[in-house]
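Shown next, in structure tokens, is the structure this report addresses.
The values are calculated or read from the model by the stated rules, or taken from the named source; none is laboratory data. No experiment lies behind these values; they were computed from the predicted model shown. Counting neighbours? That spans all protein chains shown, and the Cβs are built from the backbone with ideal geometry, glycine included.
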């Protein structure tokens, strides 16, 4: 007999003994104990760590990263990288990527870049977002490559958004090409990323964006403040 049925049997047996003995205090104690047993999962009873437990731990690790010394960070990255390679749960793998993303070590970036080739679409999307968060030169290079090579549209559009998140001027060139994509959603994502990186807004003027990406300036007029407000409202 296992699980909830077993817990219930334990509760009934113990409570019966306590009531027969006439000790109310003892009965209360057994009732409390039984309640704790009944409402605990089998994993909790057996002290088994669940994926949810590990996810909570990884979030704490990510928050503590800025407080760690370089040596401590390198040790954590090495441990997380090894864990990622051996982890089969896709949700845990993605959480590991997000945790590695906060570490500046190149070893952390290498794991994330490797995840761009993962067979799981959501993992590739997560890897793109993580590279955008890191924002280094390697991130721009890898995201640019992915825009033209990944077969999944959702992955490519996340890569475009991640380029905007890097804030790196090197992202302007690939973004100025992405804005001519035939899909309207990609055009919007590319435009938003161009504005985020450049601090300018040439709307859908492809030539202006290309000129700015190449020279850092353009003679084309920017979108008016009124038009920006209208867009934000509608």
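Quick look at the values:
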{"read-out": "Flag if residue 172 is under 25 Å from residue 122 (Cα atoms), at pLDDT 95 or above and part of a helix (DSSP H, G or I)", "value": "no"}
{"read-out": "Conditions (1) loosely packed, with under 15 Cβ neighbours inside 10 Å; (2) touching a helix residue (DSSP H, G or I) at 6+ places or on another chain (Cβ under 7 Å); number of the one not met by residue 128", "value": "(1)"}
{"read-out": "Segments classed as helices (runs of 4 or more DSSP H), wholly inside region 48-104, with at least 1 members that are in contact (Cβ under 8 Å) with a residue 40 or more places away in the chain", "value": "51-64, 90-101"}
{"read-out": "Criterion: surrounded by fewer than 21 Cβ atoms within 10 Å (Cβ to Cβ), under 25 Å from residue 62 (Cα atoms) and at pLDDT below 95 - qualifying residue of 203, 138", "value": "138"}
{"read-out": "Which listed residue is modelled with pLDDT under 95 and not in a helix (DSSP H, G or I), from 117, 218", "value": "218"}
{"read-out": "Filtered residue count, region 141-157, keeping only those that are in contact (Cβ under 8 Å) with a residue 12 or more places away in the chain, surrounded by fewer than 16 Cβ atoms within 10 Å (Cβ to Cβ) and not in a helix (DSSP H, G or I)", "value": "1"}
